1. Just to confirm a number: summing +1 for Lys and Arg and -1 for Asp and Glu over residues other than PRO35 whose beta-carbon lies under 13 angstrom from that of PRO35, what do you get?
2. Over the range 31-149, calculate the relative contact order: mean separation of alpha carbon pairs under 8 Å at least 6 apart, over the residue count, as a percent.
3. For the charge dipole of the range 101-182, defined by +1 on Lys and Arg C-beta atoms and -1 on Asp and Glu C-beta atoms about the Cα centroid, which residue among VAL111, GLN174, ALA150 has the Cα displaced farthest towards the positive pole?
4. Run through the range 27-76 and list the trypsin sites (Lys or Arg not before Pro) located in a DSSP loop whose Cβ has at most 15 other Cβ atoms within 10 Å.
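Every number here is computed from the coordinates shown, using simple stated rules; none is lab data. Since we're looking at a predicted model, the values are computed, not measured. Virtual Cβ from ideal backbone geometry, glycine too; neighbours counted across all protein chains shown.
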Amino acid sequence: MPLAYYSVAARQEFWTEHWGGHTVAELLAVARASPLTDLVMRALPPAGLVLEAGCGLGQYVLLLRERGRRAVGADWSVEALAACRRASPAPLAAMDLSALALRPGTVAAYVSLGVVEHDPDGPDRLLAEARRVLAPGGVALVSVPYWNGARRLGKAWIARRNRAVARAGGQFYQYAFSRRELVAALGRHGLETRALHPYDPARLLRGLVPRGARPPEGDARAAGPGTGGAARARGLRGAARRLLYSPPALRFLGHMLLAVAVKR
């Protein structure tokens, strides 16, 4: 059974407030540079309609369309969708992700990044709908919080903390999944997993460093003055990135887990 986390319930008003703290331009810039984008692009079928279910501010819809893909987005936050349209015209619609206003078998790829884990009843309603709208042989790209090595080591503490939050009035927020749990959830709906990719290994480490103590991105002053300091800073960041994205580090620290599955 996936581990439940308790905090603020991930209802519609939560997501409206959450997305209100970001801009489309900011998230689009992050998506353009993210290793997750490479994973998504490699997994997509060569042609056909791509649906991002739970698109938020729509940065991945915009990015996919920049790269020549026929992409559309759906989300239940009308405010987030409106913010995306103000930044750049895009085909977006407000929908219940468990009852999409699409005919069966109409999309070549279903993309869901950090969405299905927020249903307190589990991911099955959304995954059943993903299968319905996917064409035969269509690709589902679904990511969820990863029950990684670090979380396994801290399992007792995490469980105690979440029980305490729930007793204090906290509400269900999300589940974290092991590889086996995610594969099983997809399999229940005829989605056969072909690949699993942990990603975002720096999230846990960022959480351990107070925000005010983090050096600004690209600031070479901490590495020394002049162009030599900037070069050293770039070299250190590159080395740290390679280390964090090595397979052992991803298994231990990867915050999210992306599954690439095919509709049988």
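1. Once positives and negatives cancel, what remains is +3.
2. 26
3. Final value for the positive-end residue is ALA150.
4. Of the trypsin sites (Lys or Arg not before Pro), the ones in loops of the range 27-76 whose Cβ has at most 15 other Cβ atoms within 10 Å are ARG67.
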